[in-house]
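Here the structure is laid out as C-alpha cells; the discussion comes afterwards.
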Number of protein chains: 4
Amino acid sequence: MAGNSIGKIFQLTTYGESHAESIGGVIDGCPAGLSLDLEAVQHEMQRRKPGQSKIVTQRKEEDEVAFLSGIFEGVTTGTPIGFQIPNEDHKSKDYDHIKDVYRPNHGDFTYQEKYGVRDYRGGGRYSARETACRVVGGAVAQQILDKEGIRIDSYVSQVGLIKLDKCHEDMDLGTIDDNIVRCPDPELAEQMIARIEEVRKEGDTIGGVVTGIIQGLPVGLGEPVFDKLHADLGKAMLSINAAKGFDCGWAFAGLGMKGSEFNDAFVSEDGNITTKSNYSGGVQAGISNGRDIYFQVVFKPVSTIMQKQMTVNTDGEEVEIEGRGRHDPCVLPRAVPIVDAMAALVMVDHLLRSRTTKL
Amino acid sequence: MAGNSIGKIFQLTTYGESHAESIGGVIDGCPAGLSLDLEAVQHEMQRRKPGQSKIVTQRKEEDEVAFLSGIFEGVTTGTPIGFQIPNEDHKSKDYDHIKDVYRPNHGDFTYQEKYGVRDYRGGGRYSARETACRVVGGAVAQQILDKEGIRIDSYVSQVGLIKLDKCHEDMDLGTIDDNIVRCPDPELAEQMIARIEEVRKEGDTIGGVVTGIIQGLPVGLGEPVFDKLHADLGKAMLSINAAKGFDCGWAFAGLGMKGSEFNDAFVSEDGNITTKSNYSGGVQAGISNGRDIYFQVVFKPVSTIMQKQMTVNTDGEEVEIEGRGRHDPCVLPRAVPIVDAMAALVMVDHLLRSRTTKL
Amino acid sequence: MAGNSIGKIFQLTTYGESHAESIGGVIDGCPAGLSLDLEAVQHEMQRRKPGQSKIVTQRKEEDEVAFLSGIFEGVTTGTPIGFQIPNEDHKSKDYDHIKDVYRPNHGDFTYQEKYGVRDYRGGGRYSARETACRVVGGAVAQQILDKEGIRIDSYVSQVGLIKLDKCHEDMDLGTIDDNIVRCPDPELAEQMIARIEEVRKEGDTIGGVVTGIIQGLPVGLGEPVFDKLHADLGKAMLSINAAKGFDCGWAFAGLGMKGSEFNDAFVSEDGNITTKSNYSGGVQAGISNGRDIYFQVVFKPVSTIMQKQMTVNTDGEEVEIEGRGRHDPCVLPRAVPIVDAMAALVMVDHLLRSRTTKL
Amino acid sequence: MAGNSIGKIFQLTTYGESHAESIGGVIDGCPAGLSLDLEAVQHEMQRRKPGQSKIVTQRKEEDEVAFLSGIFEGVTTGTPIGFQIPNEDHKSKDYDHIKDVYRPNHGDFTYQEKYGVRDYRGGGRYSARETACRVVGGAVAQQILDKEGIRIDSYVSQVGLIKLDKCHEDMDLGTIDDNIVRCPDPELAEQMIARIEEVRKEGDTIGGVVTGIIQGLPVGLGEPVFDKLHADLGKAMLSINAAKGFDCGWAFAGLGMKGSEFNDAFVSEDGNITTKSNYSGGVQAGISNGRDIYFQVVFKPVSTIMQKQMTVNTDGEEVEIEGRGRHDPCVLPRAVPIVDAMAALVMVDHLLRSRTTKL
C-alpha cells in the first residue's frame, strides 16, 4: 500500500535512505531449493555501483550485500530472504546547504509537501541509492529464470540524440559490458561516451534510452486484463528513478504503420507456432507469445547539474543553487543493471503466477 | 492475482467476455456519501460505445449499465457497487470461422496456450468489450475527483503520422467531443478523420496516440518507490487493449534535452511554490507536484483488417483469413473515454491512499 | 482493502444487499480446465436456502445462481467467473419500522456510524443473505478439491448446551444431511431439534457450534508466519455472520493437558510418516501435516427475536422493538454449508499457493 | 503471498531464523510525523525476552532493536522503517542431534515436506524467535494508537485448568506486570506460578489462555464482509506460535445463552449511544461499536519437553528424543506482549483503513 513492495508471488520489499547506516529489504516468495550464487549477485551490484568509470559518479560505495536469512547451507529455504547493504561514505554535512532548499526536479519539494517532514541528506528515500536493493532482488530472480533458460539483456540504445538503429538480433549482446556506456555497438558506444564527457565538462547532464531484451520466455506469461505482461513490465520500469517513458514492441517507432504492416503473421516452424515478424514485441493480448520481448525505457537527464540554477527555499524565497559533490552526468550506464533487475523481478513473478493458471 | 482487479483502496474488479449475456464487475472501496450521477456514468458509456460515428465500428451496443448494490436512495453506502452491462447483438455463428484459427495479433494463440481452452467468440475476454467496465469504474471515480476539483481530459493527438504539436494549454479542452475523432484542434481533426476514412476504405487500420491531461491534482499523490504516480498511471494505460507505449512529461520528445534545459525551476506564485516550466509533467520523484500531468498513450493499429492475411490454424497448418463483421479502422476516438477512465481510477486510488500518509 | 474479497490466488469478491435486485460476485483465479458441475453448486445453495425445514426461517428464496462468464462449453476458461443470484421476496415496507431504530446486536448502529448512511432494508450488506455468494464460491472451490481427493464435512456439534461428544471418526459423515439440524448423531440430532423448537416457541433464539472436518489434505499447505493454515481458516470462519469463536485441534478442550499428553508422536505407517494422535488438528507450525483437520466455530444466538426489547432510535431516544417477519431461531443448520464453503475457499487458495513453494 | 507480511495499510514484513545473525523486518505505511519513543519499543522487547523470570526459558537474548530507516531526527518520515535485532547466543551444535529427527509438534516435519529443505537449528523460521519482530511492529503501532487514546492490555487468564473468572473491569490492568506470570489477580497469579513451577519440575509444559482488552476504540473500525474486525484480530492471534483458539466476546463461554440474554440493549448515555451489556465484545456486524473489545487466545502446551519421547527420524525410523537446552515450561507470560503487539497491529491498520470510508 505504501509502495515499497513489488511483485505478487515473488515479492521484494525495500527500505532505506541514502544516508542511514544501511539500506536493505526482504525477498518473500522465493521458491525453496535454489542454490544461490552469491558471486552472481555481487557481480550485478558491481555493475550498478558508483565510481566504476569516468562517465559515472566518482562516489565510492562498495555495495557489499549481506544475506541475513532464508538461505541455509547455500540453498534457499522458502522463507523470506532478508538482506542488507551498508551505506558508506557518509558526508551528511555535504547536505546542510540543501536542507532548506528545493532542488529543481528532485523530490525535495514533493516529499516535504506529502509527508511534512523529509530526510534531506542525499535525497533520502528518493535517492537512486535505493535502486541497489532492486538489483539484489533482481539478481536473485534472475537465477530462477536461468533455470528456465530465460535471459535478460539490457543496453544503452540512445544518449541524447545519438541513437542506435540496430535490432538486437544484429548485435552480440554478450558484448554489452565491453564498453563503459554499455552499448553493444562499439562505434556508437564511442560516440555516446564522447557525448557524455562533453556534457559532463559543461557541468550538465543528459538522458537517453535503455533497451531491454528478454529471450527464452515461455508462451503464456501475463494476466488479463489489468496485469498484462507489458503493463507490469512498464510499471516496473517507470518506477526506476528518472524513468519517464516506456514502450514495448514497435510503439512510438511504429506510429506510421498500418494494421496490414504491423500484424505479425503466424507461421509454423518445426512443429511450433510462432510469428514471422515481431512488431508486437513478444506480447499479444498482454500475454507472452514466445518471441523475444524488447522494450525501451526513457530516462530524463540527471537533475543535479554543476551549474548555477535559480530555485526557492522552503520559505518560498528565491535562491541560487549549484550542485556539489559527485554526481552522474548520465544515468544510463548504471541504469542498465537496474533495468535488468526490474525485468527479472517481473518475469519471475509472472512465471510463478503462471503455475496456478491451469487445473 | 489473476489480473482482473485494479486499485488498492478504490478497487475495480471486472468479469465478462464479449459474447456472454453480460459483462460487469464490482467497485469496492468507493467512499460512502457520494450522490452518484447515473447520467454522467451513462454519458461516458455513450462516448465509448460502438456505432457512434462513421469512423468507428458500426456494431450496435446500447451499453446500458445497471447498478446492483452499494447505492441507496441515490447515495453510495460504502459497500461494494456491483454493476452489469448486458451484451447485445450476439452473433456467435459469426465466429465459427475463427474457432480453429489464430488471427494475427489477437489473443487467440496466447490465450489458447496459456489456458488450454478459450472462448473464441468475439475475442472472449481479450475483446475490447471488456473496457466498457473500465469506463463504468472510471466514471464513478471521476465523480469523487470532481468534488476535489480534479479534471481529466484526454484527446487524440496523433493518427498515424498526423501529429498535433500544440500544448494542451493552447487549446480548449472543452471542445474535444466537438468532432468525431476527439481532437481539440478542429483543423487537424479533419485531417485525422480523412486519414482514418482513407485507411478504412483500404480495409486497413491505423494507430496513434491519445494524450491525457490531469488538472487540479493536489501536491503529494504517488507512493515511493514502486508505486510512483506515473508508474501506476503507466501500468493502467498499458493495460488497455492495443496500448503499447506510455510516457509522462517530456520523455520521448525530450531526448535531446540537457539537465539545464529539462529542470523545472521552482518559483513562488501568490505564496505557493510551483514550477516555471513543466517538462516533468506534474510528477517529481514519483509524486504529484501540483502542475498539470500530461501523458501519452500509444495505440497500435487494430488487428482485425478487411484484407486477406496468411496465418495458421490450431493444428499449425497455413490458412488464409479475412476479417468479417464490423470493426474499428482506428481505435483512438473510442479509446479517449477509456483513457479518461483509467486515469480517474488511478487518481482516485492515490487520492484515498494519500489520506493515510500523515499522522 | 474494503473487505469484500477473500483469497490471494483463488479470490472471491462479492457484492450485494438483501433487498437489491440481486447479489453476486466474481471468482478470480479459478484455474482453467475445470468441468464445472452446476448441479453440485446448486445443491449447496439448496442446503443454505431459507425455508428448507421447520427449524429455520420460513422465508422463501429460490437462490438460483446464474454464471455469467469464465465458463465456455461447461469448462472454466481461467478468466473471472461472474455470478448472480436474484433477490426475491422483496418486502421493503416490512422494514420501515426499523428505518430509524437500532436493533440490538445487528449492524444498524455500527454501519450508520461507520458510513453515515445505510441501507436499512433487511440488514443491507450485513444481512446473512450475503453468505449465499460465499456458498457459490465455495462450491466451485470444492470441485477443485474433489480432484485432489480433499473432502470437507461440517456438522452441528452443539446447540445451546446440548453437545456432541463423539469424534468425527466415530460417526458416518455421509449422514449429516439425514436430519434437519445436520448433526451426524441421530439421537443427539433429535434433542437439538427439540431444543430449537422449544426456543422458537418462546420467540427466542439460540447459538451453538459447527464442527468442520477436512480430510485428504496433502502435507505442506499453509504459509509461515502470518498466513498459517489455521489462521487463515480462523479468519474465514470468524467472518461468517454471527461467528464469534474458533479453534483448531484440541484448543479450548485441551486446556488441562500437559505437553507430554498433547504432543502427537510421529510414527511410520506403510512408509509414510504420520502422527499417532492428532491433538494438533492436522496443522503443525501453521502447515498441514496430512492428518485430518478438525475445527470448531461458535455461533452466537440470532439477534432478531420475537420478543419485545428496549433499544434506542437514531436520535438516541428509548424505544421498544419487536422482531417481525420470518427469522431463524437457530442459525446452525444453515451455517453448515457456509462453513463448508469458507473452508473450501481457504483450502483451494492454499493449495494453489503451494504450487509456488519449490523451485 | 508467502505469508511474511501482515496488514494492508500499516504493513509489517518480517524475516529471520533463530540462528542467523539477525532477524528483522520492514514496517511500511507508518504515517509520517510520529515522534517515535524508542524506549517504549525497547520496553516491550524486554517484556518478551527470555530469561526474565524463573518460569520462563533461561536463554539469554538481549533483543536490542536497531532502527535502520524511516526515522529522521526522531520522527517517522513516512518511508519504510527497517529494523534489525541481532541474534545472540548461537549454539548451532546444540541442534546437531535434531538435524535428522522430527520433534513432536514442532515444524520439523511439515517444513521439511513443504520446502524439501529446512534450517533445523533452533526451529529456524518456525522458532518463536520470530515473534520478536512482531513486538517491534506492534510497539510502533501502539504509539499511533496512544495518540487516539486507544489502550491495549493483555494478561494471562488461564494456566492449565487454573482459570481467572473476573471481568477485566473488576481488576486493575495497571498491575499486569506486577507478577511474573502477568495475571492482574495477585492471588490467582500465585497459583498459576506454582502450577508452572510444578510442571517445569516434571520436565513438562502447560498451556492456557491470554485475554486481551482493547479500550478507547472509536466506533466504526472493521470492514464488511470478510475483514470483520474480530476476524482480522482472530487471524493475527492464531498466527502466533502455539495459538490454537480464539474467541471475541462471550463465545465459548456464552454457549448456553439465548438471544434474549445475549443481545446488548442500546442505551443513551450523556448523548452517546452505547450498549448496556457487552456480550458482543465490542464488535457488532464485524465493526467496533465503541465498547471494550475483549478476546481470548488459547495456547497449547510448549512442544519441547524435558522427557523422553518416541518419534521418527527423517528416514522414518523410530527414535527416542529428549529435549535439551533452555525452554519455556509455559509460553503464556512471554506471550502477553506478543498478543498486545498483534492487537496493536490490527487496530492501527483498521484505524488507517477507516480514513477512506467516507467521502
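Any read-out appearing in this document is the output of simple, stated calculations on the displayed coordinates, not a laboratory observation. Source: prediction; values computed, not measured. Positions of Cβ are backbone-derived with ideal geometry, glycine not excepted, and every protein chain shown enters the neighbour counts.
Here is how the numbers come out for the structure above:
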quantity	calculated
Residue order, fewest to most surrounding Cβ atoms within 10 angstrom, among C:Asp349, B:Asp170	B:Asp170, C:Asp349
Dipole moment magnitude, nearest 20 debye, the protein assembly as shown about Cα centre, only Lys, Arg, Asp, Glu C-beta charged	0
Per-pair calculated FRET efficiency, R0 = 56 Å: C:Cys167 and D:Glu39 via Cβ, rounded to 0.05	0.65
Between helix A:186-201 and chain A: long-axis angle, C-alpha atoms, 0 to 90°, nearest 10	20
Residues D:His19, B:His97 arranged by fewest to most Cβ contacts within 10 Å	B:His97, D:His19
For the range D:13-168: rounded, prolate or oblate by the Cα gyration tensor [a/c cutoff 1.5]	oblate
Descending semi-axes in Å of the protein assembly as shown, equivalent ellipsoid built from Cα gyration tensor	50, 38, 31
Residue list for the range B:176-194, given a label point 7 angstrom along the Cα-to-Cβ vector of B:Gln52 and an amide N cut-off under 14 Å	B:176-184
Angle in degrees between helix D:332-353 and the longest Cα principal axis of chain D, rounded to the nearest 10	50
Charged-residue dipole, Cβ positions (Lys, Arg, Asp, Glu), chain C about Cα centre, Debye nearest 20	580
Neighbouring partner chain Cβ atoms per residue of D:319-330, average, 10 Å criterion	1
Test item: B:301-311 mean partner chain Cβ contacts at 10 Å	5
Descending semi-axes in whole angstrom, ellipsoid equivalent of the range D:5-354, from the Cα gyration tensor	34, 26, 19
Radius of gyration and maximum dimension Dmax of the range A:252-359, Cα, Å	22.5, 70
Label-point separation in nm, C:Val319 to B:Glu148, each point 7 Å along Cα→Cβ	3.7
The range C:137-249 - convex hull of the alpha-carbon atoms, volume per residue in Å³	132
Pairs beyond 27 Å (Cα-Cα), from C:Lys228/D:Lys276; B:Lys235/C:Lys114; A:Lys276/B:Lys244; D:Lys49/D:Lys244	C:Lys228/D:Lys276; B:Lys235/C:Lys114
Copy-to-copy label separations for B:Asp270, where each label sits 7 Å from Cα toward Cβ, in nm and ascending	4.5, 6.7, 8.1
Listed residue (C:His97, C:Tyr294, C:Ile193) projecting farthest to the positive dipole end of the range C:5-354, Cβ model	C:His97
Position D:Asp100, label points 7 Å along Cα→Cβ, spacing to each other copy in nm (shortest first, one decimal)	6.0, 7.1, 8.0
Within 10 Å of each Cβ in A:286-292, the average number of Cβ atoms from other chains	4
Chain A, relative contact order [Cα under 8 Å, separation at least 6], %	22
P(r) of the range C:20-102 over all Cα-Cα pairs, binned every 5 Å from zero, in whole percent	3, 12, 17, 19, 16, 12, 9, 6, 3, 2, 0
Residue of chain C nearest the C-to-D rotation axis [by Cβ], rounded angstrom distance	C:Lys235, 2
C-alpha long axis of helix D:38-48 to longest principal axis of chain D, angle in °	60
Other-copy label distances relative to C:Lys166, 7 angstrom Cα-Cβ extension, nm	4.4, 8.0, 8.3
Inter-centroid distance (Cα atoms) of the range C:101-146 relative to the range A:329-353, Å	44
Computed FRET value (nearest 0.05) for C:Thr175 with A:Arg355, which takes r as the C-beta separation and R₀ as 41 Å	0.60
Where GluC sites (Glu not before Pro) fall in DSSP loop in the range C:257-348, at most 11 other Cβ within 10 Å	C:Glu317
Fewest-first sequence of D:Ser22, B:Ser5, A:Ser69 by Cβ atoms within 10 Å of each Cβ	D:Ser22, B:Ser5, A:Ser69
Cα gyration tensor category, rounded, prolate or oblate, for the range A:198-257 with a/c compared to 1.5	prolate
